[in-house]
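Report on one structure; see the data block that follows.
The values are calculated or read from the model by the stated rules, or taken from the named source; none is laboratory data. Quick caveat, the model's predicted, so the values are computed rather than measured. All Cβ positions, even for glycine, are placed from backbone atoms using ideal geometry, and neighbour counts span all protein chains on display. Ligands, DNA and RNA are stripped out before the accessible areas are found, and what is left, the full protein with its side chains, is counted by its heavy atoms. Shrake-Rupley method; radii C 1.70, N 1.55, O 1.52, S 1.80 Å.
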Amino acid sequence: MPGLTIGDTLPNLEVETTHGKLKLHDYVADGYAIIFSHPGDFTPVCTTELGMMAVYADKFAERGVKLLGLSCDDVQSHKEWIKDIEAYNNGHKVNYPIVADPKREIISELNMVDPDEKDSSGNQAPSRALHIVGPDKKIKLSFLYPASTGRNIDEVMRVLDSLQKASKHKVATPANWKPGEDVVISPSVSDEEANRMFDKGFKTCQLPSNKGYLRFTNV
Ligand code: BEZ
């Protein structure tokens, strides 16, 4: 069983958080949500990651995205840990909720378990998993990093911008794309449709196959 992955519906779990109980679908509501797990409270890499999410929180909010952290300790531990996270990150407030999962049930449901990592009591531990959930409550993108590798929040922002652009226009983003750069037109769009759809027109890349499938535009 691969577990929760792209295209699956986020289970509508009721979870305990630093902001009280919430149901996952109510939290996502009509926008996007990023749910990201951490191996444990008071650990070094996690402290930097949760802090960096706090630094970027306003940019995510501008894009209609809510943040939801998760670590397996309890709510009281999370609240103590938040003081360290904010102090390390120059006072940036952690205004998003952090889920508690002391029984390790939620990390199993959300496919966030690291098979190689155990906590000091030998319990299974979460990986650095991250799901981006869309307004339809489906998983649009998943990252799975080991405990030793902190995530790049610029990359989280970049893929979010790519997902939102692709869902708004019939486009996709090429390798190493950054916001503002040209995008490629989906193969499902004919040249005639592309002429109607894209105000700035499009350029077809000439390739040996002459199939005309690599078309760039800017939206
Ligand atoms: C950390 O957050 O620094 C960490 C947590 C578990 C294992 C390794 C690193």
Using beta carbons and a limit of 6 Å, which pairs, at least six apart or on different chains, have the first residue in region 111-128 and assigned by TED's automatic domain parsing to the domain that holds residue 41 and the second one modelled with pLDDT of 90 or more and assigned to a strand (DSSP E or B)?
-> 112/37; 112/129; 124/113; 126/37; 127/144; 128/145
How many residues does region 151-161 contain that are out of contact with any Pro (no Cβ under 9 Å at 6 or more places or on another chain) and surrounded by 13 or more Cβ atoms within 10 Å (Cβ to Cβ)?
-> 6
Pick from region 68-93 the residues that are open to solvent by less than 10 Å² (accessible area, probe 1.4 Å) and among the aliphatic types (A, V, I, L, M): which of them is nearest to the ligand (Cβ to nearest atom)?
-> 85
If you check 116, 84, which single one turns out to be modelled with pLDDT under 95 and either touching a His at 6+ places or on another chain (Cβ under 7 Å) or outside any loop (DSSP other than H, G, I, E, B) (or both)?
-> 116
On the given criteria, is residue 99 crowded, with 19+ Cβ neighbours inside 10 Å and aliphatic (A, V, I, L, M)?
-> yes
Just give me the residues in region 9-39 being in a loop (DSSP other than H, G, I, E, B) and either open to solvent by 10 Å² or more (accessible area, probe 1.4 Å) or of a type in the set (Ser, Thr, Tyr) (or both), in sequence order.
-> 11, 12, 13, 18, 19, 29, 30, 31, 39
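So which of 102, 97, 179, 146 ends up being outside the structural domain of residue 24 (by TED's automatic domain parsing) and more than 20 Å from residue 8 (Cβ to Cβ)? Can you show your working first?
On the way: 102 fails: outside the structural domain of residue 24 (by TED's automatic domain parsing); 97 fails: outside the structural domain of residue 24 (by TED's automatic domain parsing); 146 fails: outside the structural domain of residue 24 (by TED's automatic domain parsing).
179 is the lone residue from the list that is outside the structural domain of residue 24 (by TED's automatic domain parsing) and more than 20 Å from residue 8 (Cβ to Cβ).
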Do we have any residue at all in region 48-61 that's away from the ligand (no atom under 16 Å from the Cβ), assigned to a loop (DSSP other than H, G, I, E, B) and of a type outside the set (Ser, Thr, Tyr)?
-> no
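If you go through region 201-216, how many residues are of a type in the set (Gly, Ala, Ser) and more than 18 Å from residue 189 (Cβ to Cβ)?
Of all residues in region 201-216, those of a type in the set (Gly, Ala, Ser) come to 201, 209, 212.
In the following step, the residues that additionally are more than 18 Å from residue 189 (Cβ to Cβ) were identified as 209.
Matching residues across region 201-216 total 1.
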Residue 44 fails exactly one of the following numbered conditions: (1) open to solvent by 60 Å² or more (accessible area, probe 1.4 Å); (2) within 15 Å of the ligand (Cβ to nearest atom); (3) in contact (Cβ under 8 Å) with a residue 40 or more places away in the chain. What is the number of that condition?
-> (3)
Failed condition for residue 68, given (1) more than 13 Å from residue 130 (Cβ to Cβ); (2) out of contact with any Lys or Arg (no Cβ under 9 Å at 6 or more places or on another chain), with all others met?
-> (1)
Considering residues of region 134-174 that are in a strand (DSSP E or B) and more than 16 Å from the ligand (Cβ to nearest atom) only, the residue nearest to residue 185 (Cα to Cα) | 171
